[in-house]
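The values are calculated or read from the model by the stated rules, or taken from the named source; none is laboratory data. Since we're looking at a predicted model, the values are computed, not measured. Reconstructed Cβ throughout: ideal geometry from the backbone, glycine too, with neighbour counts over all protein chains shown. In case anyone asks, the SASA skips ligands and DNA or RNA and just uses the protein heavy atoms, side chains included. Shrake-Rupley method; radii C 1.70, N 1.55, O 1.52, S 1.80 Å.
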Amino acid sequence: MRDQTVEPEVYWRFNVLHRAVHIVVMIAFIGVALTGFSLAFSSVGAARTFVWFLGGIDNARYLHRFCAVVLYLCVVTEVLWIMYFKFALRGKLFGPNSIFFRVKDLRFFRQHMGYLLGRNEAPPPFERFTWWEKFDYWTLFIGMQTMGLTGVFLWYPEFFSRFFPGYYVNVAQVLHFDEAILAVLYKFFIHTSVRHLRPEVYPGDWVIFTGKVTKETMARAHPGEWASLNAPQQGSAISDQQTI
Amino acid sequence: MDRLRLILRRLNTAKRTRLLRSCRGLIIAALLVLPIPVQPAWSADPTPSSSWFVDMNRFLKSAHGSLTCERCHVELTAQGKVHPNREDPTAMKKVVVRSYDYQRCASCHPEAYKRFLEGEHAKELAKQKQAQSEGIDQPPEKLAPTCGDCHSSHYVQSKRSRVELGTHMIETCGKCHKPQQASYLRDIHGRMGIFLEKKASAYCTDCHGAHTCESLKDKNKALEACRRCHRDATLQFAGIVIHTGKEDISRKNPEKQASMAFVGTIKPIAQTMTIILLVFFALQTFVWILRELHRKLRGR
Amino acid sequence: MKPRMQTSAVAVCALAFWFMAFWMVGPSIAQQQPPGQQPSECLDCHRQRNLNANEGILSSQRFCYNCHQDPGSHGDFRASKVSFQVKPEYFLKSPHRFVACIQCHTSVAQSPHRSLSGVQCSGCHPRTAGSPGTHAGHQRVRCEACHTDSPFVKLDAANNEVKLSRTNAKQVPISLAEHKVADVTREDFCTKCHVPNNQVGAPAMVLPSKSFVCIACHYSPMSIGPPVFLLAIFVALMGIVGTVVFWFRAGVQGETTSVNRKIQLGSEAVWSKVFSREIFSVLKTVFFDILLQRRILANGVSRWLIHSLIFYSFFARFALSVLTLYLQKFSPEGDWTLILVNRDSSFVATFNDLTGVFILVGVIWAMVRRFITKPEYVSTQEQDTAALVIIGLVALSGFILEGMRFVVGQIPPQVTMSAFAGYLISRLFSIMNIGWESIYGYVWYTHALLWALFIAYLPFGKLKHIFTTPLSLLLNYKKA
């Protein structure tokens, strides 16, 4: 909401649900990563110290599964929110304010690469969500499905081997590990660099915790959305800022 | 007088309390820390146990420490025997674990000896003895084991814990079954049992039998072994591959070959995708940061 | 807990502790024999001696001498008699006469009587000891191949090892039991291997050790090395002296005539800045402008990338070389030392090739900008070209040399693959059937001479920016 009475020119980008989900996902992700790698790399002394610290491998396994369930519940929450957005708030799933990919994002990607290589002077006029924010969101979503499925195969191998040949468990082991490596390396290096080390947002992009940004940030980071907000209003069921 | 005594007593208590409080931490720490180096550390054989020199310190601490040399090495001290016999041309060339008569072990270890005779190692040993008498010799890495190949009679210890036994076991079995040792340590059972020291894990003999040492190529036999812990397992469960190394998959097991071929195609695809994604985004982020730094330095 | 209860609790704990301690340690304090038994005759020979004691060592040697001092002791190999006698005239004069046989021949005292692991030296002698100039390049040569006075050596290509040969040139088995130690200070010692047509993959020429100035890229000994480097250092020193004299010809801090006053005023100015609050601004300049080169980044992203590819590679190599030197002196047996001293270890090989490739990429990119794309703001003078050409040639000749070394040394691909660029070059070279082992020495000298040229030219061309730019940045630091 354009809050002109209390604070000047503050724009809401994330509602409380999203902020809460992000915190829970962050903590649960760290939990599964630490406990999972202490099993995968158990030949390393530091992993064994960590397991000892948790009180034994059985506790570590329990914690891993607990955090995994919490993570998947967050995914379910997001799916429910998308349905709420579409049906209750009558938002457009492929509109400019949606987290879903549009054809325009391809153009934005090309222009952004041009900016990085020095061909364009400025980054493209991003809308509500930039192409890499959408990419992050959907890769996490799909990743959770793979990790969940393979994880559940490894959790109940006796049950699943009733319906699938035994080597599916071996496949699940390989995929679970490789995808974990990808997710953790991506989040630990790339996600943190983009959100903490990038000069535009250094020392950190706190919007996912506070939910709001200033007018200048809106104009710089999401010029497309900024322009449509300043354009003459069209009647619509959703408020300007309430989006996916 | 009484008042003085009371005062003194109170002073003493206070002083004593202060003294104990300051030393308490140290004493507790000492009690916790000191027993650690004092415990006899279990260790593997550092030198070949078939060395001509016997380390008496370790021997006397071993399970056989109360036995005399002659009890087991009867033939060397028998009447009319010369030791060392420099006239005998084969003396320096005999492999001791091949020439010692291990039936002597059966006098104290009858159950183990009987189970060994029923198992795969004994059968292979008998076959090789037969082949040797016909003049066919085995390369050293293919020799079937005798008791002495796995057990050090001079330095074996008793009353070891399950984790200690298991950890020693993989080194012993791993001397010949190296690929299986490596693939076991990559598998969840190896990680749990050896690195994470979980008592209720499966070590070599838990699945393959103690002294019987049987192969689990037959899925029904494998299922029996799995069911010892995974009580709800079905026959397809026994199709889960534990020893996944390339050398573990014998050509006589087409089903296992097919399974691992399938896994073997998925793995490189997953790894390549991971690397491509990470490298692309790492480079992109790096150049992005440089570009924004440059912009900032230019005052834009 | 009340104080009195605390005391009792502590006392009980202490008693319990000592009880446990004795219970566990107890048996090792017992006598060497089970009680009530006669000492066994077997133990006269078969008891393991205490090799920490001189008596123990001599007694242990006597066990082996039973057979190995007899001049007649021999083995029969392919119808030849090979003596097993440890010759007293060599062994009793050797530095190892107070070492027990089984301390070096660790796995030989067993049936069958053959050593599984050969002889080991690293229990007493660190692999990295001795003059780093010599040993560093010979990591794949077994100690005894040089230090035993036997002229026959062979290359075990599968294990990538040079070892003593058990047969002579005519394939007749020879005795290696004499224990005759070689005199490594002899002039012709190196020509055991470094001759034309040798079978061990050694270059045909005896090459000198590196010079200390090579430490910019390689782990080097602390000596000047070949005389050409002495000349190069001398020339460079002259250049530096000349530059400094030139600077002090101008006015310093307002003083124009007295050199003494100039030095005094200049040093006072530096001193007062260092010991003041402004040291933090100075440090900021050091970090952002000298180390991270933010001024270059302000000029352009590609300039920063080109310069960083070259600068950070050299910097990292220099840092690693210095670290290796430090570790070899102060921790000669450490795990990291063994890895870093061996240039064929996968870490060092990959690191060196990666940084080398970065340098080449930087030089080529710079050359493309200067000579091909030629943006208007880039001006190129002869000195720029000279600097780029020298650096480029040094890096290129280094890679060529590495490729040749892999071919000449017949080093197996499992080892050379870590040095990915050198590996590719060596595959290319192995197709061509030139006499690589005789050319190798000349290319080595070329690489060395190019670096000597770099050192000599350093104060005269644009390469002196390596020192003058940080200096001027410090002198002109921005006050906070």
At what distance in angstrom do the alpha carbon centres of region C:219-294 and region A:119-189 lie from each other? 56 Å
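For chain C, what is the mean residue ellipticity at 222 nm derived from helices alone (per DSSP H run of n ≥ 4: -39500 (n - 2.57); sum divided by total residues; nearest 500 deg cm²/dmol)? Mind dumping the intermediate values first?
Working: 19 runs with 249 residues, N = 480.
Computed ellipticity for chain C at 222 nm equals -16500 deg cm²/dmol.
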Return the ratio Rg/(2.2 N^0.38 Å) for the protein assembly as shown, where Rg is computed over Cα atoms only. 1.22
May I ask what percent, to the nearest 5, of DSSP beta bridges between residues of the protein assembly as shown are antiparallel? 90 percent
Take every residue in peptide A:170-180, count the Cβ atoms of other chains within 10 Å of its Cβ, and give the average of those counts. 5
Averaging the inverse of every distinct alpha carbon separation and then flipping it gives the Kirkwood radius. What is it for chain A, in angstrom units? 20.5 Å
So if the hydrodynamic radius of region C:230-328 is defined as the Kirkwood radius over C-alpha pairs, what does Stokes-Einstein give as its diffusion coefficient at 25 °C and 0.890 mPa s, in µm² per second? 142 µm²/s
Could you point to the residue in B:Thr167, B:Phe116, B:Pro89 farthest towards the positive end of region B:46-179's charge dipole, with +1 and -1 charges on the Cβ of Lys/Arg and Asp/Glu respectively? B:Thr167
For B:Lys296, which aspartates and glutamates qualify as cross-link partners when the Cα separation must be under 12 Å and same-chain residues fewer than eight apart are set aside? A:Glu200
Most packed first (mean Cβ within 10 Å per residue), the peptides C:435-448, B:79-92 order as C:435-448, B:79-92
For peptide A:157-165, compute the average count of partner chain beta-carbon atoms within 10 Å of each residue's beta-carbon. 6
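Starting from region A:51-156, pick out the GluC sites (Glu not before Pro) whose DSSP state is loop and whose Cβ has at most 10 other Cβ atoms within 10 Å.
A:Glu121
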Of C:Leu453, C:Gly403, C:Ala9, which is farthest on the positive side of the dipole of chain C, counting Cα position, with +1 on Lys and Arg Cβ, -1 on Asp and Glu Cβ, and the Cα centre as origin? C:Ala9
Any idea what the alpha-carbon Rg over 2.2 N^0.38 Å comes to for chain C? 1.38
Once the Cα atoms of helix C:259-274 and of chain C are each reduced to a long axis, what angle between those two axes, in degrees from 0 to 90 to the nearest 10, is obtained? 70 degrees
Peptides C:42-52, C:98-108 ordered by average Cβ neighbours within 10 Å, highest first: C:98-108, C:42-52
Surface share of carbon and sulfur [accessible, 1.4 angstrom probe, percent] for chain C: 66 percent
For region B:63-81 and region C:66-121, what is the centre-to-centre distance using only Cα atoms, to the nearest Å? 29 Å
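Using a 10 Å cut-off on Cβ to Cβ distances, tally the other chain neighbours for every residue of B:271-281 and report the average as a whole number.
4
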For chain A, the longest principal axis of the Cα atoms and the Cα long axis of helix A:131-155 enclose an angle in degrees, to the nearest 10, of 20 degrees
Whole Å is fine, so just give me how far the alpha carbon centre of region C:199-215 lies from that of region B:223-300. 44 Å
Packing-wise, with mean Cβ within 10 Å as the measure, how do C:237-244, B:233-240 rank, highest first? B:233-240, C:237-244
Which entries of B:Lys123/B:Lys252; B:Lys198/C:Lys329; B:Lys178/B:Lys199; B:Lys94/B:Lys175; B:Lys198/B:Lys219 show an alpha-carbon separation above 31 angstrom in the structure shown? B:Lys198/C:Lys329
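Which percentage, to the nearest 5, of the DSSP beta bridges contained in chain C is antiparallel?
90 percent
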